[in-house]
Amino acid sequence: MIFETLDTFGHEQVVFCHNKDAGLKAIIAIHNTVLGPALGGTRMWPYKSEQEALNDVLRLSRGMTYKNAVAGLDIGGGKAVIIGNPATDKSEALFRAFGKAVQSLGGRYITAEDVGIDVNDMEHVYKETEFVTGVHQVHGGSGDPSPFTAYGTLQGLMAALNAKFGNEEVGKYTHAVQGLGHVGMEYVKLLKERGAKIFVTDINQALVDKAVNEYGAEAVGLDEIYDVDADVYSPCALGGTVNEETLPRLKAKVICGSANNQLATNAIGDELEKRGILYAPDYAVNAGGVMNVALEMTGYNRERAMRQMRTIYHNVARIFEIAERDGIPTYKAADRMAEERIEVMGKLKLPLGRSAPRFEGRIRGGA
């Protein structure tokens, strides 16, 4: 059944990584390398079963192919998951063993941070492989990508506001932000700087208190966020929050946030179109993080990174144009934009092949 699933999703390679002594149980999925080596973060999560972990990494890696293609990057899509509790199961040996597994792929997969992983964990991975992004600035890397993801989300928001309301004035509208992690909190900060009214919720009360005290947000309950009378709903936590149960409750005219896989099903995307709710496709909006870390492959520069983030506005605007041109929902338009780029670029037969990442300016060695 695994190969049938791979046929369905179109993956090139799936690698199961195990090291008993280090406690490593991981899966690396390389979905597509037409545009370049597969880049995507590593997620550490206490999956209930190996099948659940496999399903997640297959879904996430395919999403990275589309995200990277729409972002205009010369990289393919991949992802990795480590089965374990990030609160209790982390160790140097675990991440160094994972680094060896990444290194064994010879650059076909380049890893980065994702849920449950931080820059300190990447330090250990980096000791065993150069094929890692998001390393600390002391090594010549870009560090935490969260601020860039948040800034890119703001660019997507401005494009969505312009398409829906004819202006980009963030402060004119009310925003319901679900999730106050690294990206969500930074996003709230950016909204506040532009004078916006913000409603927030999170499972961590301390983060809610911070948003209220530092950024003047109004706190609402976890389930109440769907009933808030806001112009924009911004999912910035886990996916699937726009579903059959929540959609009828949403009053927002725009959905734009940093979470992955915001729509529970494609049918929900179709229903948003029918209801006149403008959905800014998640993987186009939240591409700031991967845009930022991808620059490490050719030599990181913060000014280049910020310039790259601003292209998200134009990418999202282009998706809206395709949706209108072809008479399709925006989630389909985003896929079409990605697939068209992969198809066109895939026809370019470069006689000398594709050069390996240079990672200029980076420093290998101890932490």
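Pairs only if they're at least six apart or on different chains, beta carbon under 7 angstrom, first in segment 311-338 and without any contact (Cβ under 8 Å) to a residue 40 or more places away in the chain and open to solvent by 20 Å² or more (accessible area, probe 1.4 Å), second β-branched (Val, Ile, Thr) and assigned to a helix (DSSP H, G or I); list them, first residue then second. Sorted first by the residue in segment 311-338, then by its partner, the pairs are ARG336/ILE322. Does segment 92-110 contain any residue that is modelled with pLDDT under 95 and open to solvent by less than 20 Å² (accessible area, probe 1.4 Å)? Yes, the conditions are met somewhere in segment 92-110. Per the listing VAL344, VAL290, the residue uniquely of a type outside the set (D, E, K, R) and closer than 21 Å to GLY184 by Cβ is VAL290.
Among the residues of segment 129-169, what is the count of those that are more than 22 Å from the chain's Cα centre (by Cα) and of a type outside the set (Phe, Trp, Tyr)?
Looking only at segment 129-169, we keep the residues that are more than 22 Å from the chain's Cα centre (by Cα), and these are 129, 138-140, 162-169.
This time we only want the ones that are of a type outside the set (Phe, Trp, Tyr), so: 129, 138-140, 162-164, 166-169.
Within segment 129-169, residues that are more than 22 Å from the chain's Cα centre (by Cα) and of a type outside the set (Phe, Trp, Tyr) number 11.
Considering (1) more than 21 Å from the chain's Cα centre (by Cα); (2) farther than 15 Å from GLY40 by Cα, the lone condition that GLN103 does not fulfil carries the number (2). Taken over segment 3-23, the criterion of being open to solvent by 80 Å² or more (accessible area, probe 1.4 Å) and part of a helix (DSSP H, G or I) is satisfied by PHE3, GLU4, ASP7, THR8. Restricted to segment 123-223, the set of helices (runs of 4 or more DSSP H) holding at least 3 residues that are open to solvent by 30 Å² or more (accessible area, probe 1.4 Å), of a type in the set (D, E, K, R) and touching a residue at least 24 places away in the same chain (Cβ under 8 Å) comprises 182-193.
Could you tell me whether ALA284 is of a type in the set (A, V, I, L, M, F, W, C), modelled with pLDDT of 95 or more, closer than 29 Å to PRO357 by Cα and out of contact with any Leu (no Cβ under 9 Å at 6 or more places or on another chain)? Against the criterion (of a type in the set (A, V, I, L, M, F, W, C), modelled with pLDDT of 95 or more, closer than 29 Å to PRO357 by Cα and out of contact with any Leu (no Cβ under 9 Å at 6 or more places or on another chain)), ALA284 qualifies. Taking segment 277-304 as the range and being within 14 Å of THR153 (Cα to Cα) and over 12 Å from the mean Cα position of the chain (by Cα) as the test, the residues that pass are TYR279, ALA280. Among the residues of segment 253-294, those identified as in a loop (DSSP other than H, G, I, E, B) and surrounded by fewer than 18 Cβ atoms within 10 Å (Cβ to Cβ) are ASN261, ALA264, THR265, GLY276. Each residue in segment 2-39 was checked for being small (Gly, Ala, Ser), modelled with pLDDT of 95 or more and within 23 Å of the chain's Cα centre (by Cα), and 3 pass. Here the condition is being touching a helix residue (DSSP H, G or I) at 6+ places or on another chain (Cβ under 6 Å) and either farther than 19 Å from LYS127 by Cα or open to solvent by 70 Å² or more (accessible area, probe 1.4 Å) (or both); of ALA69, ALA38, ALA87, ALA26, it holds for ALA69 alone.
Looking only at residues of segment 231-252 that are surrounded by 24 or more Cβ atoms within 10 Å (Cβ to Cβ) and in contact with a His (Cβ under 9 Å, 6 or more places away or on another chain), we find that the one that is nearest to LYS197 (Cα to Cα) is VAL232.
The values are calculated or read from the model by the stated rules, or taken from the named source; none is laboratory data. No experiment lies behind these values; they were computed from the predicted model shown. Here the Cβ is made from the backbone with ideal geometry for all residues, glycine too, and neighbour counts use every protein chain on show. All accessible areas refer to the heavy atoms of the entire protein, side chains included, with ligands and DNA or RNA removed. Shrake-Rupley method; radii C 1.70, N 1.55, O 1.52, S 1.80 Å.
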